[in-house]
1. According to the Cα gyration tensor, what semi-axes, each the square root of 5 times an eigenvalue, does the equivalent ellipsoid of segment 488-566 have, listed from largest to smallest in whole Å?
2. For an R0 of 45 angstrom, estimate the FRET efficiency from the Cβ-Cβ distance between Lys254 and Arg433 and round to the nearest 0.05.
3. Distance check, please: which entries in Lys271/Lys408; Lys261/Lys408; Lys338/Lys510; Lys283/Lys408; Lys411/Lys510 exceed 22 angstrom between their Cα atoms?
4. Starting from 0.36 nm per residue, how many nanometres of slack lie between Glu320 and Thr489 once their C-alpha separation is accounted for?
5. Give the long-range amide H neighbours of Glu438: residues separated by 5 or more places, or on another chain, with amide H under 5 Å away, using H modelled in the peptide plane at 1.01 Å from N.
6. Just add up the charged neighbours of Asn51: K/R +1, D/E -1, any other residue whose Cβ is under 10 Å from the Cβ of Asn51.
7. How do the peptides 330-339, 427-436, 41-50, 212-221 rank, highest first, by the average count of neighbouring beta carbon atoms within 10 Å per residue?
8. Would you kindly state how much longer the chain becomes between Thr179 and Gln137 on full extension, computed as 0.36 nm times their sequence separation minus their alpha carbon distance, in nm to one decimal?
Amino acid sequence: MKTVHGLFLPMVATIAVLMGTANAAERPNIILIMSDDMGYSDIGCYGGEINTPNLDGLAANGLRYSQFYNSARCCPTRASLLTGLHPHQTGIGHMVEDKGFDGYRGDLNEHCLTIAEVLKPAGYSTYMSGKWHVTKQLFPEDESGKSNWPRQRGFERFYGTILGAGSLWDPTTLVRGNTHITPDNDPEYRPAEPWYYTDAISDNAVRYIREHPGNNPFFMYVAYTAAHWPMHARERDIVKYKGMYDDGFEPIRKARYEKLKELGLIQKECKRSPTIGNWDKVKDKAWEARNMEVYAAMVDAMDQGIGRIVAELKKQGELENTLILFLQDNGGCAEGGKWLGRGDGGQPRADKPTLPPMDRDELQMEMKNKKTRDGWPVRKGVGVMAGPPDTYISYGKEWANVSNTPFKEYKHYVHEGGISTPLIAHWPKGIKRKNRIEHQPGQIIDIMATCVDLSGARYPSEFKGHEITPMQGTSLVPTFDGGAIDRDTLYFEHEGNRAIRKGKWKLVAKGANGAWQLYDMDADRSEMNDLAKSNPERVLQLAKEWNDWAVRALVTPGPYDKEVKK
């Protein structure tokens, strides 16, 4: 059954009623797992050298999608994942601040529903552990200001952060249910070793599975902050990668490229975009290598947690009938500068805190990143070895270029390096194509349609008196048996970066005032050979289609309208 723009939803709803409670348990549990700021080739089963045996195991017994797309950045991708709409249609066309246009309000609007809100009436229990980042309501004065928190948007249980980034050792906006907490005042979770956010996300997800009553299916959203800056990890995980990156950027990129071709994830004819950065000119190679070692450790820790989730599903007898989907919110992150510890000025740690402790409601490291909650000055700059709680460092453009092998550009942009994500689908009872690669293009908006398709839920046209925007995606369920995705056009926009993909053709522009570029994705997915000048009519046709979509999807009117070349 296909679910395209709500076309078959009345039939799905009827089937759900006819199934009755006896067969409701046959519907699969659904777990969405999302990582943060990772590139296309980081995990092992997508070409990487990082140790990810649990994700690799899911891929070996499931499907990998080679051309799946996100929305280029944290907030827009999460809004699309949760709602099945383009981000602007949810009110989060940019990030979580109000830019004065309906598509850019910085909060989920009343015309969209989350997957939890849709599946809960169909009998699903709904749980979330991890990063929310789809509201500007960080520290509301009362309960009415939490209208876009997870509990108010369909999730029965929530543990995680409302804000999008910060220390993995002590994040601000940590919440259980509807209440702000800190790692040291949470009576429900007391780890045996120092608290670490990636582990906390995994452990609380495991707890939800263990405590699920078992007489109905569940939907769970697990949203990691690994491997978003700052580079924080346990030393025991970092040490696994000691020396692995000592030879610099090019050898790792080359090895990943060859493995991607060997795995069949890219065509053998696909060229590799240029390597950014000259290792011979790096002044502090040990520091630069350490940044990637910590990044790898962050991914490793996430994979360990996913392994614990899988183990608990197996223990509870739920693994066979659970659909697990793993994907990433954008490409590798090239953000840097002094603010993120990429400049000079590394300082040794002081013997004692030099600043007063922070009040809970200060946006400590997330906004100012000058000190830890307990008053330690945050150390940044070349020479400060990433990993510990008092450091705040990103891994930089050069390693992001490695993460995005073989593509160019990064998070923020809608060239392939910014929007290409692994997608792993594992469901022993429902996916018969084991260890196969699906090459049909898909998009983040397809996740809602897939969940509705499998759950027997009804996607409503109205909710609480508000008209609901129809789903924009297409169910991926047909691909589980080798069928087709019934759609040939994909659209993208973020910060004026824009693209349309129609069949094999992709029209893309970098920056709100950038010229359109045209690429043949079948022959040149790395976007090395711009065909715009030799195909002016195709450029005009695709540009018109993109502009028409931009009006429908609330991209325009918006903050970039005056600059975008029509």
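Rule-based calculations on the coordinates, nothing more; no lab input. Everything numeric here is computed off the predicted structure, so don't read it as measured data. FYI the Cβ positions are ideal-geometry reconstructions off the backbone, even for glycines, and counts take in every protein chain you see.
1. Each semi-axis is the square root of five times an eigenvalue, giving 20, 13, 11 Å.
2. With a Förster radius of 45 Å, E is 0.90.
3. In this structure, Lys338/Lys510; Lys283/Lys408 lie more than 22 Å apart at Cα.
4. 57.5 nm is the gain from fully extending Glu320 to Thr489.
5. Placed amide hydrogens put Arg64, Tyr65, Ser66 under 5 Å from Glu438.
6. Net charge around Asn51: -4.
7. With the highest mean Cβ count within 10 Å placed first, the list reads 41-50, 330-339, 212-221, 427-436.
8. 13.8 nm
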